[in-house]
Structures are given as C-alpha cells and as structure tokens.
Amino acid sequence: MNKLTMIKNLLIYVIFVLVFQLFSACKEKAIAFDGIVYQIEENKFGYEIYLQGKPFIKQENIPAIEGNHSFKDSLDALKTLDKVLERLNKGEKPSLTESDIQQLKIKI
C-alpha cells in the first residue's frame, strides 16, 4: 500500500467517524416529565407538572369534573398526577375523563 492510498483511507475513516458522531449528537433526547403535589389551603391540593424542569401544567382543580373542585387530600392529587405523568411520558395526551377520575376513586 503506498502513502497516497493510506492517506485517502485515513481521510475516509476520519470523515466517517465525524459524520457518525454528528448523527449521534443530533438524536432526539427523551422528553422528561415530572411533577409535584402542593397544598393550596387547608384540605385543598393541586399539582404541577414540569417538562425538563420548567413549569408545564398547573392543575388546582380536579380535571374532567364540572365546576371548581380542588383535591380534598394530597393522595388524590398524587394519584391523578401519576396518571397524567404516565400518559405524558408515553407520548399521549394528558387529558383525563370523568371515567378516569372515577377509576382513580378521587373524592369530589
């Protein structure tokens, strides 16, 4: 193998490695949702969802229920938050139905 062929092969290898690293760096990062439950006032709770550390959803009322009904305890808010996070982290819409709320046994 002569010098010119070796240089061409080395150059092809370097270009290949650089292109591979560029594509690897551009891969879409996984979206991470998380959340917290917080107390609004006595016997009233809500939750907040964060997208990669930034506020995304603030929910002070029980979703899918007509009127302004806050969660009566932190456990109900947490069960609802977990359900919404589960959907978001699967790439689904975060909305819940009245049936979802009934299945979670949320006190209204």
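Each reported figure results from applying straightforward, stated rules to the coordinates on display, with no laboratory input. Keep in mind it's a predicted model, so treat the numbers as computed, not measured. Counting neighbours? That spans all protein chains shown, and the Cβs are built from the backbone with ideal geometry, glycine included.
Could you list which residues have their amide H under 5 Å from that of Phe71, counting only those 5 or more apart in sequence or on another chain, with H placed in the peptide plane?
Phe45, Ile62
Past 23 Å, Cα to Cα, is the threshold; run Lys54/Lys107; Lys58/Lys107; Lys44/Lys107; Lys44/Lys90 against it and keep the listed order.
Over 23 Å Cα-Cα: Lys54/Lys107; Lys44/Lys90.
Given a Förster distance of 22 angstrom, what is the FRET efficiency for Asp82 paired with Asn43, based on the Cβ-Cβ distance and rounded to 0.05?
It comes to 0.60.
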